[in-house]
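The values are calculated or read from the model by the stated rules, or taken from the named source; none is laboratory data. What you see is a predicted model, and the numbers here were worked out from it, not measured in a lab. Cβ placement follows ideal geometry from the backbone for every residue including glycine, while neighbour counts extend to all protein chains displayed. All accessible areas refer to the heavy atoms of the entire protein, side chains included, with ligands and DNA or RNA removed. Shrake-Rupley method; radii C 1.70, N 1.55, O 1.52, S 1.80 Å.
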Amino acid sequence: MPPFPASRFRQPLITWFRRHGRDLPWRRTRDPYAILVSEFMLQQTQVATVVPYYEHWLARFPDFASLARADESAVLHAWQGLGYYARARNLHAAAQSVAKNVGGVLPNDLAKIAALPGIGRYTAGAVATFAFDQAVPIVEANIARVLARLTNWEKPIDTAAGRDHLWSTASVLLPKKNGRLHNSALMELGALICLPRRPLCAQCPVQKFCAAVEPAALPRKRAKPRQVLLHESHAFALRRERILLEQSHARWRGMWILPRLAAVPPRSPLLQLDFPFTHHRITLSVFAATRSFLPNEKQRWFPIAQLAELPVPSPHRRALEELLPRQNLCSTFART
Ligand code: SF4
(Lines give C-alpha, C1' and ligand atoms only; values in the text may rest on other atoms or scores of the structure.)
Protein backbone atom coordinates (compact mmCIF):
# COMPACT_ATOMS: atom_id res chain seq x y z
CA MET A 1 0.00 0.00 0.00
CA PRO A 2 1.24 3.55 -0.60
CA PRO A 3 2.70 5.12 2.55
CA PHE A 4 0.62 8.31 2.14
CA PRO A 5 -3.06 9.33 1.83
CA ALA A 6 -4.23 8.89 -1.76
CA SER A 7 -6.49 11.95 -1.60
CA ARG A 8 -3.55 14.31 -0.91
CA PHE A 9 -1.44 12.70 -3.63
CA ARG A 10 -3.91 13.20 -6.47
CA GLN A 11 -4.30 17.00 -6.57
CA PRO A 12 -0.67 18.00 -7.30
CA LEU A 13 -0.49 15.21 -9.87
CA ILE A 14 -3.58 16.47 -11.70
CA THR A 15 -2.45 20.10 -11.51
CA TRP A 16 0.90 19.14 -13.01
CA PHE A 17 -0.76 17.09 -15.76
CA ARG A 18 -3.12 19.89 -16.75
CA ARG A 19 -0.11 22.14 -17.22
CA HIS A 20 2.43 19.75 -18.74
CA GLY A 21 0.52 16.78 -20.25
CA ARG A 22 1.18 16.29 -23.95
CA ASP A 23 -1.47 16.87 -26.59
CA LEU A 24 -1.45 13.38 -28.13
CA PRO A 25 -3.91 12.48 -30.90
CA TRP A 26 -5.55 9.67 -28.91
CA ARG A 27 -6.13 12.05 -26.00
CA ARG A 28 -8.31 14.21 -28.25
CA THR A 29 -10.86 11.48 -28.86
CA ARG A 30 -13.33 9.41 -26.84
CA ASP A 31 -13.89 6.98 -29.70
CA PRO A 32 -13.34 3.49 -28.21
CA TYR A 33 -12.12 2.17 -31.57
CA ALA A 34 -9.46 4.87 -31.97
CA ILE A 35 -8.35 4.38 -28.37
CA LEU A 36 -8.13 0.63 -28.83
CA VAL A 37 -5.99 1.16 -31.95
CA SER A 38 -3.65 3.49 -30.05
CA GLU A 39 -3.33 1.04 -27.16
CA PHE A 40 -2.37 -1.84 -29.44
CA MET A 41 0.16 0.32 -31.25
CA LEU A 42 1.71 1.74 -28.07
CA GLN A 43 2.55 -1.70 -26.68
CA GLN A 44 6.36 -1.97 -26.94
CA THR A 45 6.53 1.11 -29.19
CA GLN A 46 7.45 4.76 -28.60
CA VAL A 47 4.84 7.52 -28.89
CA ALA A 48 6.79 9.34 -31.64
CA THR A 49 6.83 6.19 -33.78
CA VAL A 50 3.15 5.47 -33.22
CA VAL A 51 1.68 8.90 -34.11
CA PRO A 52 2.02 8.67 -37.95
CA TYR A 53 0.94 5.02 -37.95
CA TYR A 54 -2.10 5.85 -35.84
CA GLU A 55 -3.18 8.64 -38.15
CA HIS A 56 -2.58 6.59 -41.28
CA TRP A 57 -4.44 3.61 -39.77
CA LEU A 58 -7.54 5.65 -38.86
CA ALA A 59 -7.64 7.13 -42.36
CA ARG A 60 -7.44 3.65 -43.85
CA PHE A 61 -9.65 1.78 -41.32
CA PRO A 62 -11.80 4.43 -39.60
CA ASP A 63 -13.97 2.10 -37.51
CA PHE A 64 -14.49 -1.47 -36.35
CA ALA A 65 -16.57 -2.31 -39.43
CA SER A 66 -13.94 -1.23 -41.97
CA LEU A 67 -11.18 -3.08 -40.11
CA ALA A 68 -13.34 -6.19 -39.74
CA ARG A 69 -13.96 -6.22 -43.51
CA ALA A 70 -10.29 -5.79 -44.47
CA ASP A 71 -8.28 -8.82 -45.50
CA GLU A 72 -5.29 -9.83 -43.40
CA SER A 73 -2.79 -8.79 -46.02
CA ALA A 74 -4.09 -5.19 -46.01
CA VAL A 75 -4.00 -5.13 -42.19
CA LEU A 76 -0.41 -6.39 -42.04
CA HIS A 77 0.59 -3.95 -44.76
CA ALA A 78 -0.79 -0.98 -42.76
CA TRP A 79 1.10 -2.26 -39.69
CA GLN A 80 4.32 -2.80 -41.63
CA GLY A 81 7.31 -1.30 -39.81
CA LEU A 82 5.70 -1.28 -36.34
CA GLY A 83 6.80 -4.86 -35.62
CA TYR A 84 5.22 -7.37 -33.22
CA TYR A 85 2.69 -8.30 -35.88
CA ALA A 86 0.63 -10.43 -33.50
CA ARG A 87 -0.77 -7.09 -32.30
CA ALA A 88 -2.14 -6.34 -35.79
CA ARG A 89 -3.69 -9.78 -36.06
CA ASN A 90 -5.24 -9.47 -32.58
CA LEU A 91 -6.61 -6.01 -33.35
CA HIS A 92 -8.11 -7.38 -36.56
CA ALA A 93 -9.67 -10.31 -34.66
CA ALA A 94 -11.04 -7.94 -31.99
CA ALA A 95 -12.65 -5.76 -34.70
CA GLN A 96 -14.22 -8.83 -36.31
CA SER A 97 -15.59 -9.91 -32.93
CA VAL A 98 -17.06 -6.42 -32.24
CA ALA A 99 -18.61 -6.33 -35.73
CA LYS A 100 -20.06 -9.82 -35.43
CA ASN A 101 -21.04 -10.12 -31.77
CA VAL A 102 -21.90 -6.65 -30.47
CA GLY A 103 -23.23 -4.81 -33.52
CA GLY A 104 -20.02 -2.92 -34.32
CA VAL A 105 -20.12 -0.83 -31.11
CA LEU A 106 -17.75 -1.51 -28.23
CA PRO A 107 -19.78 -1.85 -25.01
CA ASN A 108 -19.03 0.30 -21.95
CA ASP A 109 -18.37 -2.82 -19.91
CA LEU A 110 -14.93 -3.85 -18.68
CA ALA A 111 -15.70 -7.59 -18.70
CA LYS A 112 -17.01 -7.47 -22.29
CA ILE A 113 -14.00 -5.48 -23.47
CA ALA A 114 -11.66 -7.93 -21.73
CA ALA A 115 -13.41 -10.85 -23.45
CA LEU A 116 -12.33 -9.64 -26.92
CA PRO A 117 -9.50 -11.60 -28.53
CA GLY A 118 -5.97 -10.43 -27.74
CA ILE A 119 -7.06 -7.93 -25.05
CA GLY A 120 -5.35 -8.28 -21.68
CA ARG A 121 -6.07 -6.67 -18.34
CA TYR A 122 -4.18 -3.47 -19.09
CA THR A 123 -5.69 -2.86 -22.55
CA ALA A 124 -9.26 -3.54 -21.35
CA GLY A 125 -8.76 -1.11 -18.47
CA ALA A 126 -7.17 1.50 -20.73
CA VAL A 127 -10.14 1.48 -23.13
CA ALA A 128 -12.62 1.54 -20.21
CA THR A 129 -10.89 4.50 -18.61
CA PHE A 130 -9.80 6.53 -21.67
CA ALA A 131 -12.95 6.01 -23.78
CA PHE A 132 -15.61 5.69 -21.06
CA ASP A 133 -13.95 7.53 -18.15
CA GLN A 134 -14.40 4.51 -15.90
CA ALA A 135 -12.59 4.51 -12.57
CA VAL A 136 -10.59 1.33 -13.17
CA PRO A 137 -6.91 0.89 -12.33
CA ILE A 138 -4.39 0.44 -15.12
CA VAL A 139 -0.74 -0.59 -14.92
CA GLU A 140 1.61 -0.39 -17.91
CA ALA A 141 5.37 0.22 -17.99
CA ASN A 142 5.27 3.92 -17.06
CA ILE A 143 2.77 3.51 -14.24
CA ALA A 144 4.58 0.40 -12.97
CA ARG A 145 7.81 2.40 -12.67
CA VAL A 146 6.11 5.27 -10.84
CA LEU A 147 4.30 2.96 -8.41
CA ALA A 148 7.35 0.81 -7.67
CA ARG A 149 9.32 3.95 -6.82
CA LEU A 150 6.59 5.72 -4.87
CA THR A 151 6.31 2.66 -2.62
CA ASN A 152 10.02 1.75 -2.77
CA TRP A 153 9.12 -1.78 -3.95
CA GLU A 154 12.53 -3.43 -4.15
CA LYS A 155 11.42 -6.90 -5.23
CA PRO A 156 10.90 -7.83 -8.91
CA ILE A 157 7.70 -6.42 -10.44
CA ASP A 158 7.36 -9.20 -13.03
CA THR A 159 6.26 -11.85 -10.54
CA ALA A 160 2.77 -12.63 -9.23
CA ALA A 161 3.58 -10.79 -5.98
CA GLY A 162 5.03 -7.81 -7.85
CA ARG A 163 2.01 -7.55 -10.16
CA ASP A 164 -0.39 -7.83 -7.20
CA HIS A 165 1.45 -5.04 -5.44
CA LEU A 166 1.31 -2.71 -8.46
CA TRP A 167 -2.36 -3.33 -9.30
CA SER A 168 -3.49 -2.97 -5.70
CA THR A 169 -1.47 0.25 -5.29
CA ALA A 170 -3.03 1.58 -8.53
CA SER A 171 -6.50 0.74 -7.12
CA VAL A 172 -5.85 2.52 -3.83
CA LEU A 173 -4.66 5.69 -5.59
CA LEU A 174 -7.61 5.75 -7.99
CA PRO A 175 -10.36 8.33 -7.34
CA LYS A 176 -14.02 7.28 -7.62
CA LYS A 177 -14.57 9.75 -10.47
CA ASN A 178 -12.37 11.13 -13.28
CA GLY A 179 -10.55 7.86 -13.89
CA ARG A 180 -9.39 9.06 -17.29
CA LEU A 181 -7.72 12.18 -15.94
CA HIS A 182 -6.05 10.37 -13.05
CA ASN A 183 -4.74 7.46 -15.11
CA SER A 184 -3.54 9.78 -17.89
CA ALA A 185 -1.68 11.90 -15.34
CA LEU A 186 0.00 8.93 -13.66
CA MET A 187 1.09 7.53 -17.01
CA GLU A 188 2.38 10.92 -18.15
CA LEU A 189 4.37 11.33 -14.95
CA GLY A 190 6.20 8.11 -15.83
CA ALA A 191 6.72 9.20 -19.44
CA LEU A 192 8.01 12.73 -18.73
CA ILE A 193 9.38 12.91 -15.16
CA CYS A 194 9.84 9.52 -13.53
CA LEU A 195 12.17 8.43 -16.35
CA PRO A 196 13.73 4.96 -16.42
CA ARG A 197 17.40 5.85 -15.93
CA ARG A 198 17.40 9.42 -14.66
CA PRO A 199 14.18 10.33 -12.87
CA LEU A 200 13.71 14.09 -12.65
CA CYS A 201 12.80 14.03 -8.96
CA ALA A 202 13.48 17.74 -8.44
CA GLN A 203 10.67 18.51 -10.92
CA CYS A 204 8.30 15.84 -9.67
CA PRO A 205 4.91 17.10 -8.46
CA VAL A 206 4.55 14.19 -6.00
CA GLN A 207 8.11 14.06 -4.69
CA LYS A 208 7.05 14.63 -1.10
CA PHE A 209 5.03 11.39 -1.20
CA CYS A 210 7.78 9.30 -2.76
CA ALA A 211 9.49 6.63 -0.67
CA ALA A 212 12.15 5.66 -3.24
CA VAL A 213 15.61 5.43 -1.68
CA GLU A 214 17.47 4.79 -4.91
CA PRO A 215 14.89 5.54 -7.63
CA ALA A 216 17.11 4.86 -10.64
CA ALA A 217 17.57 1.27 -9.42
CA LEU A 218 13.80 0.63 -9.53
CA PRO A 219 11.80 -1.13 -10.72
CA ARG A 220 13.62 -4.45 -10.50
CA LYS A 221 12.88 -7.34 -12.80
CA ARG A 222 13.79 -11.00 -12.85
CA ALA A 223 16.96 -11.88 -14.77
CA LYS A 224 16.31 -12.01 -18.53
CA PRO A 225 16.91 -15.21 -20.47
CA ARG A 226 20.22 -15.13 -22.31
CA GLN A 227 20.11 -13.85 -25.85
CA VAL A 228 20.19 -16.65 -28.43
CA LEU A 229 22.12 -16.05 -31.66
CA LEU A 230 20.57 -17.40 -34.86
CA HIS A 231 21.71 -17.37 -38.49
CA GLU A 232 19.17 -17.51 -41.28
CA SER A 233 19.80 -17.73 -45.03
CA HIS A 234 17.51 -16.43 -47.76
CA ALA A 235 17.63 -16.24 -51.55
CA PHE A 236 17.52 -13.19 -53.78
CA ALA A 237 15.93 -14.37 -57.02
CA LEU A 238 15.10 -11.92 -59.79
CA ARG A 239 13.57 -12.62 -63.18
CA ARG A 240 12.58 -9.92 -65.68
CA GLU A 241 11.90 -7.23 -63.06
CA ARG A 242 10.05 -9.68 -60.85
CA ILE A 243 11.20 -10.92 -57.51
CA LEU A 244 10.51 -14.24 -55.83
CA LEU A 245 8.99 -14.00 -52.34
CA GLU A 246 7.63 -16.54 -49.90
CA GLN A 247 4.66 -16.16 -47.58
CA SER A 248 5.76 -16.67 -43.98
CA HIS A 249 3.85 -19.18 -41.90
CA ALA A 250 5.91 -18.73 -38.77
CA ARG A 251 7.45 -15.59 -37.26
CA TRP A 252 5.72 -13.15 -39.65
CA ARG A 253 2.66 -15.18 -40.50
CA GLY A 254 0.92 -13.83 -43.60
CA MET A 255 3.76 -11.47 -44.59
CA TRP A 256 6.07 -11.84 -47.59
CA ILE A 257 9.77 -12.55 -47.07
CA LEU A 258 12.75 -13.53 -49.22
CA PRO A 259 12.66 -17.31 -49.87
CA ARG A 260 14.29 -19.31 -47.08
CA LEU A 261 17.24 -21.57 -47.84
CA ALA A 262 17.52 -24.86 -46.00
CA ALA A 263 21.34 -24.79 -46.05
CA VAL A 264 23.98 -22.08 -46.19
CA PRO A 265 25.30 -21.87 -49.81
CA PRO A 266 29.07 -22.27 -50.31
CA ARG A 267 29.59 -18.66 -51.45
CA SER A 268 29.61 -15.18 -49.98
CA PRO A 269 26.27 -13.52 -49.24
CA LEU A 270 25.18 -10.43 -51.15
CA LEU A 271 24.16 -8.88 -47.87
CA GLN A 272 24.08 -9.53 -44.14
CA LEU A 273 22.14 -7.68 -41.50
CA ASP A 274 21.26 -8.21 -37.85
CA PHE A 275 17.97 -7.69 -36.09
CA PRO A 276 16.52 -8.54 -32.67
CA PHE A 277 13.49 -10.77 -32.20
CA THR A 278 12.20 -11.47 -28.67
CA HIS A 279 15.29 -12.87 -26.93
CA HIS A 280 17.03 -13.77 -30.20
CA ARG A 281 19.62 -11.87 -32.20
CA ILE A 282 19.28 -12.95 -35.82
CA THR A 283 21.80 -12.58 -38.61
CA LEU A 284 20.02 -12.56 -41.94
CA SER A 285 22.22 -13.53 -44.90
CA VAL A 286 20.93 -13.07 -48.44
CA PHE A 287 22.48 -15.09 -51.27
CA ALA A 288 22.03 -14.66 -55.01
CA ALA A 289 19.88 -17.50 -56.33
CA THR A 290 21.69 -19.76 -58.78
CA ARG A 291 20.20 -20.89 -62.09
CA SER A 292 19.31 -24.24 -60.53
CA PHE A 293 17.20 -22.58 -57.82
CA LEU A 294 13.68 -24.03 -57.96
CA PRO A 295 10.77 -22.08 -56.45
CA ASN A 296 8.27 -24.08 -54.39
CA GLU A 297 4.48 -23.79 -54.04
CA LYS A 298 4.67 -21.27 -51.14
CA GLN A 299 6.61 -18.82 -53.29
CA ARG A 300 5.42 -16.33 -55.90
CA TRP A 301 6.96 -13.97 -58.40
CA PHE A 302 5.94 -10.34 -57.83
CA PRO A 303 6.60 -7.35 -60.10
CA ILE A 304 9.06 -5.01 -58.35
CA ALA A 305 6.52 -2.20 -58.83
CA GLN A 306 4.05 -4.12 -56.66
CA LEU A 307 6.34 -4.41 -53.62
CA ALA A 308 4.98 -1.26 -51.99
CA GLU A 309 1.57 -2.90 -51.71
CA LEU A 310 2.80 -6.07 -50.00
CA PRO A 311 3.25 -6.59 -46.26
CA VAL A 312 7.00 -7.21 -45.89
CA PRO A 313 8.63 -7.32 -42.41
CA SER A 314 11.29 -4.67 -41.70
CA PRO A 315 14.49 -6.80 -41.97
CA HIS A 316 13.43 -8.16 -45.37
CA ARG A 317 12.29 -4.72 -46.51
CA ARG A 318 15.70 -3.35 -45.54
CA ALA A 319 17.41 -6.12 -47.52
CA LEU A 320 15.30 -5.39 -50.60
CA GLU A 321 15.90 -1.66 -50.33
CA GLU A 322 19.61 -2.37 -50.26
CA LEU A 323 19.76 -5.01 -53.00
CA LEU A 324 17.31 -3.81 -55.66
CA PRO A 325 19.14 -0.56 -56.45
CA ARG A 326 22.30 -2.62 -57.02
CA GLN A 327 20.44 -4.26 -59.93
CA ASN A 328 19.32 -0.81 -61.14
CA LEU A 329 15.85 -1.69 -59.91
CA CYS A 330 14.04 0.67 -57.65
CA SER A 331 11.81 -0.48 -54.80
CA THR A 332 9.50 2.16 -53.46
CA PHE A 333 8.19 1.07 -50.13
CA ALA A 334 6.43 4.36 -49.52
CA ARG A 335 3.32 3.54 -47.51
CA THR A 336 0.22 3.56 -49.71
S1 SF4 B 1 10.16 11.62 -6.76
FE2 SF4 B 1 11.41 10.78 -8.37
S3 SF4 B 1 11.27 8.58 -8.16
FE4 SF4 B 1 9.62 9.46 -6.94
S5 SF4 B 1 7.85 9.45 -8.31
FE6 SF4 B 1 8.82 11.44 -8.53
S7 SF4 B 1 10.27 11.24 -10.25
FE8 SF4 B 1 9.66 9.18 -9.60
Every residue in the range 145-158 that is within 12 Å of the ligand (Cβ to nearest atom) and either open to solvent by less than 20 Å² (accessible area, probe 1.4 Å) or among the charged types (D, E, K, R) (or both), please. ARG145, VAL146, LEU147, ALA148, ARG149, LEU150
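With respect to LEU192, is the statement that it is in contact (Cβ under 8 Å) with a residue 60 or more places away in the chain, within 21 Å of PHE9 (Cβ to Cβ) and more than 8 Å from the ligand (Cβ to nearest atom) true?
Judged against the criteria, LEU192 is a match.
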Within the bounds of the range 211-219, is there any residue that is within 16 Å of the ligand (Cβ to nearest atom), surrounded by 14 or more Cβ atoms within 10 Å (Cβ to Cβ), aliphatic (A, V, I, L, M) and at pLDDT 95 or above? yes
Got at least one residue in the range 111-126 being out of contact with any strand residue (DSSP E or B) (no Cβ under 6 Å at 6 or more places or on another chain), under 30 Å from ALA211 (Cβ atoms), at pLDDT below 95 and among the small types (Gly, Ala, Ser)? yes
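Specify which of the listed residues (LEU181, LEU166, LEU244, LEU174) is crowded, with 16+ Cβ neighbours inside 10 Å, in contact (Cβ under 8 Å) with a residue 12 or more places away in the chain, away from the ligand (no atom under 12 Å from the Cβ) and not assigned by TED's automatic domain parsing to the domain that holds THR15.
Numbers: LEU181 fails: not assigned by TED's automatic domain parsing to the domain that holds THR15; LEU166 fails: not assigned by TED's automatic domain parsing to the domain that holds THR15; LEU174 fails: not assigned by TED's automatic domain parsing to the domain that holds THR15.
That would be LEU244, the only listed residue that is crowded, with 16+ Cβ neighbours inside 10 Å, in contact (Cβ under 8 Å) with a residue 12 or more places away in the chain, away from the ligand (no atom under 12 Å from the Cβ) and not assigned by TED's automatic domain parsing to the domain that holds THR15.
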Run HIS280 past the list (1) open to solvent by less than 90 Å² (accessible area, probe 1.4 Å); (2) under 24 Å from SER73 (Cβ atoms); (3) within 31 Å of the chain's Cα centre (by Cα); (4) not β-branched (Val, Ile, Thr) and report the number of the one that doesn't hold. (2)
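May I ask you to say which residue of ALA114, ALA48 is exposed (fewer than 15 other Cβ atoms within 10 Å of the Cβ) and small (Gly, Ala, Ser)? Steps first, please.
Details: ALA114 fails: exposed (fewer than 15 other Cβ atoms within 10 Å of the Cβ).
Every option except ALA48 fails the conditions.
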Just one of ALA191, ALA223, ALA202, ALA212 is outside the structural domain of ARG267 (by TED's automatic domain parsing), touching a Lys or Arg at 6+ places or on another chain (Cβ under 6 Å) and of a type in the set (Gly, Ala, Ser); which is it? ALA212
Considering only the range 259-270, I want to know if a residue exists there that is closer than 28 Å to ALA86 by Cβ, open to solvent by less than 40 Å² (accessible area, probe 1.4 Å) and of a type in the set (D, E, K, R). no
Does the range 39-50 contain at least one residue that is acidic (Asp, Glu) and under 11 Å from the mean Cα position of the chain (by Cα)? yes
Does ILE138 satisfy being within 18 Å of VAL47 (Cβ to Cβ), away from the ligand (no atom under 13 Å from the Cβ), assigned by TED's automatic domain parsing to the domain that holds ALA88 and surrounded by 20 or more Cβ atoms within 10 Å (Cβ to Cβ)? yes
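I'm checking my understanding of the structure. Among residues of the range 220-241 that are farther than 18 Å from ALA141 by Cα and open to solvent by 100 Å² or more (accessible area, probe 1.4 Å), which one is farthest from the ligand (Cβ to nearest atom)?
Initial filter on the range 220-241 (farther than 18 Å from ALA141 by Cα): 225-241.
Adding the requirement that they be open to solvent by 100 Å² or more (accessible area, probe 1.4 Å) leaves 226-227, 229, 231, 239-241.
Working: ARG226: 30, GLN227: 29, LEU229: 36, HIS231: 42, ARG239: 59, ARG240: 60, GLU241: 56 Å.
Filtering the range 220-241 for residues that are farther than 18 Å from ALA141 by Cα and open to solvent by 100 Å² or more (accessible area, probe 1.4 Å), the one farthest from the ligand (Cβ to nearest atom) comes out as ARG240.
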